[in-house]
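Structure first, commentary second.
The values are calculated or read from the model by the stated rules, or taken from the named source; none is laboratory data. Owing to the predicted nature of the structure, the values given are computational and were not obtained by experimental measurement. As a convention, Cβ positions derive from the backbone with ideal geometry for all residues, glycine included, and neighbour counts pool all protein chains shown.
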Amino acid sequence: MEKKNYIITLGFIIVLIFFGIWFLTIIQTTPTEEVQPTPTEEIQMEPVAEHAPEPAPEPAPEAAPEPVAEVEPTVEAAPEPTPPVEVKPADFDIVPLEDQDCTKCHPYAVKDINERGGLHQSLGCSECHLEHPPLGKNPIPTCEMCHDPGDATHYNIKNCSACHYPHYPTEMEFGEIDASACLSCHPAQGKEMEAKPSEHAGLNCTECHMVHREWANCADCHTPHAEEMTHADCLACHKPHSPKAVNYADGIPNNYCACCHEDVGNALASSKKAHSEMGCIECHESEHMAVTQCDECHDADLHGASMHERYPLCLDCHNNPHALAE
Ligand code: HEC
Ligand code: HEC
Ligand code: HEC
Ligand code: HEC
Ligand code: HEC
Ligand code: HEC
Ligand code: HEC
Ligand code: HEC
Ligand code: HEC
Ligand code: HEC
Ligand code: HEC
Ligand code: HEC
């Protein structure tokens with residue numbers, strides 16, 4: 001009985017050893033079997049898989065995510081070439097990115113530059129993007145690399161990207177930005193606002209100029225004095241950067257004054273005397289509240305010198321310039 005048990009145990013151990021050896025062999029062969037099918041399907045997976053075990057554990061997670069994420073477009077773009085299978089980790093590091101590679105992973109950036117890039121179209125992607133992650137830590141160029149702050153006041157502004165997006169640098173929609181950025185090219189408007197202070201000096205330039213070379217209508221923020229007044233009319237009396245001083249040229253109709261001076265407007269219009277044919281601005285010329293004297297149009301000695309000496313003011317007798325009385 002004991003001998004029978006001994007034989008059974010021995011047999012069992014032998015079988016165990018046999019299975020052990022067989023199992024070990026399997027473990028050793030599995031990886032090689034799995035590596036080979038992968039490259040044929042997903043070309044760039046290979047460097048990742050081989051990258052991982054070799055260097056220290058840290059770079060592995062960094063190297064892994066990006067190429068994996070980008071694999072799909074690449075595979076679609078270039079399914080034929082089998083040569084990449086031979087790419088070794090060492091080659092992977094030294095194969096530089098060419099400009100024609102960018103489109104595979106960043107199609108929109110390429111499209112933007114091609115269609116809207118302006119003078120930046122003359123540049124290759126890698127003239128600006130000198131590095132690429134994860135190998136390069138600074139993929140984004142500074143503007144001053146090429147636009148030397150010493151060359152223009154404009155290149156000294158801090159936040160270039162508040163106005164320009166480099167892939168379409170001339171298409172600008174201004175957000176909240178410092179007036180100094182505009183003043184770097186338009187110093188005159190800043191000086192005007194400083195010299196003739198008004199409530200507008202407290203506004204940001206971009207509240208009226210959202211898009212370069214365009215401006216808001218006055219009526220977007222104000223109620224016109226008279227219903228029929230247009231934006232161009234406003235500018236006939238007000239300067240946008242110093243609106244407090246009211247100056248005007250010829251061509252202001254009487255109702256644009258009479259909307260605020262109703263009594264005078266009515267008096268002049270209903271008068272039967274010759275002045276009622278006149279424009280307000282003939283006697284209130286160029287500047288709000290200016291008054292043209294009677295003797296600039298009439299002879300000062302009209303009624304004889306001795307009479308004018310006794311009554312020096314024409315209005316002593318003629319009463320009211322708008323509704324002349326005898
Ligand atoms: C195989 C796909 C692939 C190719 C080819 C490729 N890139 Fe990238 N690129 C990526 C991925 C993925 C990222 C994101 C990496 C990250 O965030 O760490 C990236 C990031 C960048 C960034 C940084 C974006 C940021 O917000 O920091 C720039 C710039 C860039 N790529 C430019 C280029 C240029 C220029 C080329 C051509 C010379 C190019 N890429 C080619 C996949 C690619
Ligand atoms: C004049 C320099 C310049 C050129 C040329 C240029 N870029 Fe850029 N690119 C930049 C700058 C600067 C940024 C960062 C923009 C930001 O975030 O405000 C950027 C951002 C990117 C980004 C990050 C994502 C994004 O769209 O903001 C990618 C990707 C990119 N560029 C790819 C390209 C590719 C591809 C080309 C070639 C077709 C190219 N760039 C040409 C300067 C340039
Ligand atoms: C690699 C060099 C380079 C870099 C970096 C660069 N630029 Fe330029 N940029 C140019 C060149 C070259 C021109 C052509 C005109 C010139 O010579 O000034 C230009 C022109 C421009 C123009 C005029 C475009 C047109 O179509 O009229 C703008 C705006 C501009 N750049 C803004 C920027 C801004 C903002 C940045 C940073 C985000 C930047 N650039 C970064 C080289 C560069
Ligand atoms: C306040 C918005 C704003 C900011 C901020 C800004 N720009 Fe501009 N930039 C403009 C405008 C507006 C133009 C004129 C475009 C035109 O003439 O149609 C311009 C034109 C340019 C031009 C082409 C004309 C020229 O003078 O060479 C370049 C280059 C340029 N900017 C570079 C820069 C750089 C570099 C920065 C950051 C240092 C910057 N810009 C910051 C608004 C801005
Ligand atoms: C890089 C220089 C530059 C910057 C920065 C700049 N401009 Fe200009 N701007 C110009 C040029 C050049 C013109 C065209 C001038 C002309 O046609 O006489 C112009 C024209 C204008 C015009 C129209 C002028 C007209 O008579 O039609 C307005 C309004 C204007 N800019 C406002 C702004 C505002 C607001 C900012 C800031 C957000 C700004 N600009 C920033 C260069 C610049
Ligand atoms: C209250 C609105 C308003 C504000 C704020 C404003 N502008 Fe203007 N700006 C205008 C209007 C309206 C015009 C058009 C004038 C015309 O057609 O005669 C104009 C014209 C301009 C012009 C063209 C030349 C000229 O003087 O007519 C420039 C340049 C300009 N603005 C720059 C600026 C700058 C820079 C700032 C900020 C410092 C600024 N503007 C603030 C309304 C404004
Ligand atoms: C973005 C809004 C905005 C636009 C556009 C605008 N204004 Fe104003 N304006 C203001 C504000 C805000 C004030 C100060 C409060 C008030 O008087 O309503 C002001 C004040 C004024 C004043 C009184 C100035 C003072 O210092 O007492 C005049 C005059 C004026 N605006 C005329 C105009 C004219 C003319 C235009 C068109 C060229 C215009 N505004 C366009 C916002 C605007
Ligand atoms: C005929 C000249 C004239 C025209 C046209 C004109 N204004 Fe005036 N505006 C004035 C005068 C004069 C004042 C100053 C009144 C005062 O001293 O209180 C004034 C004052 C203002 C004020 C300061 C607040 C107020 O109501 O007293 C604003 C805002 C204003 N105007 C906006 C406009 C706008 C917007 C337009 C175009 C729709 C416009 N103005 C057209 C002459 C004019
Ligand atoms: C927005 C309303 C407004 C408009 C438009 C306006 N005025 Fe006036 N005007 C006033 C106000 C308010 C005063 C009083 C100001 C004061 O006494 O400080 C005044 C004062 C005057 C005075 C001086 C009165 C005095 O006692 O010395 C004259 C003259 C005058 N306006 C003429 C005109 C003429 C001419 C126009 C058209 C070109 C005009 N006004 C358009 C509001 C306006
Ligand atoms: C023939 C010249 C003449 C014409 C035309 C004229 N004015 Fe006058 N206006 C004067 C004179 C002169 C004074 C000064 C009166 C004084 O000093 O008592 C005056 C004073 C005023 C005053 C301030 C005193 C008051 O009566 O309220 C206002 C406002 C005024 N004018 C508005 C107008 C308006 C509005 C018009 C057009 C509808 C107009 N004027 C047309 C000559 C004229
Ligand atoms: C801008 C020029 C101008 C000014 C200033 C002016 N007038 Fe006249 N006036 C005229 C004209 C034009 C007539 C009509 C033709 C004529 O009689 O010479 C006229 C006519 C008159 C008449 C005759 C009216 C009639 O119906 O027969 C009187 C009176 C008169 N003016 C008084 C004055 C007095 C007083 C002042 C100063 C308060 C004055 N004028 C300022 C241009 C002016
Ligand atoms: C003492 C009162 C008085 C004074 C002062 C006076 N006038 Fe007269 N004016 C008259 C009378 C009266 C008439 C005649 C009325 C008529 O014929 O209907 C007249 C008529 C006029 C006429 C129209 C008749 C013509 O001869 O063309 C004008 C113009 C005139 N005056 C302008 C003036 C001027 C300008 C002044 C100031 C330099 C002035 N007057 C000062 C009383 C006066």
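Structural remarks
- Those residues of the stretch 292-316 which are within 60 Å of the chain's Cα centre (by Cα) and surrounded by 12 or more Cβ atoms within 10 Å (Cβ to Cβ), in sequence order: 292, 294, 295
- Out of 177, 113, sole residue that is β-branched (Val, Ile, Thr), within 16 Å of ligand 5 (Cβ to nearest atom) and surrounded by 12 or more Cβ atoms within 10 Å (Cβ to Cβ): 177
- Among the residues of the stretch 209-219, those identified as modelled with pLDDT under 95 and not acidic (Asp, Glu) are 209, 210, 211, 212, 213.
- The helices (runs of 4 or more DSSP H) found wholly in the stretch 54-158 and carrying at least 1 residues that are modelled with pLDDT of 90 or more and within 21 Å of residue 171 (Cα to Cα) occupy 107-116, 125-128.
- Exactly one residue among 275, 308 is in contact with a helix residue (DSSP H, G or I) (Cβ under 9 Å, 6 or more places away or on another chain), more than 25 Å from residue 208 (Cα to Cα) and part of a helix (DSSP H, G or I), and that residue is 275.
- Residue in the stretch 120-128 that is touching a residue at least 40 places away in the same chain (Cβ under 8 Å) and either closer than 28 Å to residue 177 by Cβ or within 16 Å of ligand 11 (Cβ to nearest atom) (or both) present: yes
- Taking the conditions (1) surrounded by 10 or more Cβ atoms within 10 Å (Cβ to Cβ); (2) among the charged types (D, E, K, R); (3) over 30 Å from residue 243 (Cα atoms) in turn, residue 285 satisfies each one other than (3).
- Within the stretch 280-307, residues that are in contact (Cβ under 8 Å) with a residue 12 or more places away in the chain sit with their Cβ atoms under 6 Å from residues that are away from ligand 5 (no atom under 16 Å from the Cβ), at 6+ positions apart or across chains, in these pairs: 280/254; 280/257; 281/252; 283/292; 284/290; 287/247; 288/246; 294/314.
- Exactly one residue out of 225, 200, 209, 261 is more than 25 Å from residue 155 (Cβ to Cβ), surrounded by 13 or more Cβ atoms within 10 Å (Cβ to Cβ) and within 14 Å of ligand 5 (Cβ to nearest atom): that is 200.
- Single residue of the stretch 228-247 satisfying the filter (part of a loop (DSSP other than H, G, I, E, B) and either in contact (Cβ under 8 Å) with a residue 40 or more places away in the chain or under 29 Å from the mean Cα position of the chain (by Cα) (or both)) that is nearest to residue 188 (Cα to Cα): 241
- Pairs where the first residue, in the stretch 313-326, is more than 24 Å from residue 257 (Cα to Cα) and the second is of a type in the set (D, E, K, R), C-beta under 6 Å, 6+ apart: none
- Residue in the stretch 196-208 that is basic (Lys, Arg), under 30 Å from residue 173 (Cα atoms), part of a strand (DSSP E or B) and within 10 Å of ligand 7 (Cβ to nearest atom) present: no
- On the stretch given as the stretch 148-169, residues that are touching a helix residue (DSSP H, G or I) at 6+ places or on another chain (Cβ under 6 Å) and either under 23 Å from residue 100 (Cβ atoms) or exposed (fewer than 13 other Cβ atoms within 10 Å of the Cβ) (or both) total 4.
- Pairs with Cβ under 6 Å, 6+ apart, first in the stretch 158-173 and more than 8 Å from ligand 3 (Cβ to nearest atom), second of a type in the set (D, E, K, R): 167/112; 168/112; 168/116
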